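Undergrad: Dropping the structure in here first, questions after.
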Amino acid sequence: MHSLWDESEITEFKLSFPSNLPPTLIEQIYATRLLGTDKKLVLHGGGNTSCKVKYKNILGEVIDTLFIKASGCNMAEVEAKDFIPLELNRLLKLENIKEISDEEMIEYFVMSRTLPSKSLPSIETLLHAFLPFTFVDHTHPTAILAITNRKDCEILIKEVLGATVELIPYVKVGIECALAVKNAFQKNTSCKAIIIKQHGLVTWGESAKEAYTSTIDIVDRVEKFLEKKINKSIQVNYSNEKSEKAKSLYVKIAPIIRAELSQVNPLNEEIKKSPILYLLSNPEILALLEKKDFIPYLISTPITPDYIIRIGREPLFIESVNFEELTTFKDTLCKKIEEYSEKNIKIIGKYLNGKISLSKYLPKVIVIPEIGIICCRDSFEEAKRAAEIMAQEIEVKKNIFESGGEYYNLDEEHCIDMEFRIYQRAKVDKKEEGNVLTNRIVLVTGAAGAIGRGLCSYLLEKGCCVVASDLDKKSVDDFVKELKEKFNTSRIFSLQMDVTDEVSVKKGFQTIVEILGGIDAIVVNAGIAHVSNIENMSLSDFQRLEKVNIEGTLLTIREATKVFKLQNIGGDIVLISTKNVFSPGASFGAYSATKAAAHQLARIASLELAPFNIRVNMVAPDAVFSYGSCKSGLWSAVGPERMRSRGLDEKGLEEYYRNRNLLKAKVEATHVAAAVEFFLKRSTPTTGATIPVDGGLPDATPR
Ligand code: ZN
């Protein structure tokens, strides 16, 4: 591990902040970002840093202030606003108190703020306050966890770090831990750092650089020491064959896992709340999972209890599975989940009897040796985060295994404490709030077109996890990139798929299952138009439209149905139809006829799929010209001819269509998306129905 500190950057870095911010705080922001960018030091909102500053309030009084990182915010992206200013002397009064509940501590922190802030200061605030140094850094480094999760950790730490550090046992996070750290320091005031078993490292200094460098130095020494200790390195055969097999097995079983982990959605019982899955699998992991004597290392408590809220107390392990018979797999999985749930509820009841009652306790991580590690969380971001934590778990546990160490499981009581205390729950629960569409996996075909773009943006904004597919890879890639930046989210995915090609559609659905575990809804939107009267219609043009509008609809619905049935938790299909199905236009036969066929297919699907709780509905828009700067493909085909025949320009044509509907409404892509939303929300028991989105056209009213 190397120091990333670059003195030449500091001056410019300071200039990028407002001049009224204390330079001490800016230096700590710089150091915090450096610590946060190295995943070997800290992961996802873990760790915290602080600095003590003499800070003037609006009365001109100079207050000793502790700037402490807010709870759960990511160190790599920390901003000045993420450091909460608290009155140090008020915090120090707590040194004489032995016990304080989280609720009381939060209230006390709120009363100790010197400036208002919406964020909660770190749960480890007091640890920073009680140490008499200007800068304090606290991290959860991989190497420190690898050494402190071994039974022989005292001997090893002495060997590698001597008296430069004080080692203390795991202590409940909060005031207990803060007092333990303070006492350890007072016992040996010449020590440079404190290591808390199964937790992490605390360093300090009179400059941000000193504290940062101390962290790097200690971690580097431990890393090198541990490398030398490895004596039974696991040999990995890097053939991709096993990985490919694991992936194909995963595609078969992931939808079943989603189904078995589904719960009733309290916002609408008609919709199941299903997790999003993230597979962590590569040749190295598969080789490790083959080692029977490594498994107990993996199926154990997390390397630090901070991770329990994200990966659970221990993974669910499933071995010797029959993958040939999916019903057998399903039965095994169901039984294992039941056993896991019962076992954990019993343990939780032992410590929190009466305080919390759970009807079910579901695993957050499932380990299947032939496949890999499957992280099952409410959102894509959380599932990916869990996978990154599991990657670190593996690294640490593999190191202990390879160097002949014995893994030290953390006490049940400490695990339960960190799983349910409100400080920890707040980190994940706030992200799990939402509406009935939050984290529903929705595929939109024809996503790069005007209506497709409107649909994707709208559904993303409503909280869905959106897969945007289109034939044109570049257009859809660029659009997805744009949305990722606009909404600052990773829950939109680009998928190149040709809806007219059976292989491509099959592969497309497999890809969705690979990246998310399954699918909840599809919006069949891909379609093309052509203008010609019947007399002059070329057969090839007609067939081109048949391919996309009819066969594309058939293949998309067909493949979606297969995944929906495997999941067995229902599903929603919405076809973007057209007002032309009910009120066709002259010279528009190929479009009207092929869309009518697609519409009929969807209606038939509604008859066939209702027994499986799969609803199929249609939205019939008229005259959607564009979405933002993206012109609708349909209107690019139709517009010029219509303008010519009516002697209008583009604006005039838009006006013409607006004026022909009853409401004189301009129909937008977002209106189409709102109708789709209505169906996806399942507010009414409706299938096989059509919502017109046309401003009111009596001829086109479905009947
Ligand atoms: Zn910590």
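The values are calculated or read from the model by the stated rules, or taken from the named source; none is laboratory data. Quantities reported herein were computed from a predicted structural model and do not represent experimental measurements. Every residue, glycine among them, receives a Cβ derived from its backbone with ideal geometry; neighbour counts consider all protein chains shown.
Undergrad: All but one of (1) touching a Cys at 6+ places or on another chain (Cβ under 8 Å); (2) farther than 26 Å from LEU437 by Cβ; (3) not aromatic (Phe, Trp, Tyr) hold for LYS350; which doesn't?
TA: LYS350 satisfies every listed condition except (1).
Undergrad: If you go through segment 686-702 one residue at a time, how many are part of a loop (DSSP other than H, G, I, E, B) and in contact (Cβ under 8 Å) with a residue 40 or more places away in the chain?
TA: Count: 9.
Undergrad: Another question about this same structure. List pairs: first residue in segment 357-372 and crowded, with 18+ Cβ neighbours inside 10 Å, second residue among the acidic types (Asp, Glu) anywhere in the structure, Cβ distance under 6 angstrom, at least six positions apart or on different chains.
TA: So the pair list comes out as PRO369/GLU319.
Undergrad: Here is a check on your reading of the model: is ALA521 of a type outside the set (Asp, Glu), crowded, with 23+ Cβ neighbours inside 10 Å, touching a strand residue (DSSP E or B) at 6+ places or on another chain (Cβ under 6 Å) and modelled with pLDDT under 95?
TA: no
Undergrad: Something else about it: Can you name the residue in segment 536-569 that is at pLDDT below 95 and buried (at least 20 other Cβ atoms within 10 Å of the Cβ) and is also farthest from the chain's Cα centre (by Cα) among such residues?
TA: Only one residue fits best here, namely LEU566.
Undergrad: If we only count helices (runs of 4 or more DSSP H) wholly inside segment 38-140, which ones have 3 or more residues that are away from the ligand (no atom under 15 Å from the Cβ)?
TA: 88-92, 102-112
Residues checked against (1) under 32 Å from the mean Cα position of the chain (by Cα); (2) away from the ligand (no atom under 16 Å from the Cβ):
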| position | (1), (2) |
| --- | --- |
| GLY162 | no, yes |
| VAL173 | yes, no |
| ALA184 | no, no |
| THR189 | no, yes |
| LYS192 | no, yes |
| HIS199 | yes, no |
| ILE216 | yes, yes |
| ASN231 | no, yes |
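Undergrad: How many residues does segment 25-37 hold that are in contact with a Cys (Cβ under 8 Å, 6 or more places away or on another chain) and either within 20 Å of SER3 (Cβ to Cβ) or within 16 Å of the ligand (Cβ to nearest atom) (or both)?
TA: Number of matching residues: 2.
Undergrad: If you go through segment 302-327 one residue at a time, how many are assigned to a loop (DSSP other than H, G, I, E, B), within 14 Å of the ligand (Cβ to nearest atom) and more than 15 Å from ASN149 (Cα to Cα)?
TA: Going through segment 302-327 one residue at a time, the tally reaches 0.
Undergrad: In segment 279-301, is there at least one residue being surrounded by 15 or more Cβ atoms within 10 Å (Cβ to Cβ), within 16 Å of the ligand (Cβ to nearest atom), of a type outside the set (Gly, Ala, Ser) and not in a helix (DSSP H, G or I)?
TA: yes
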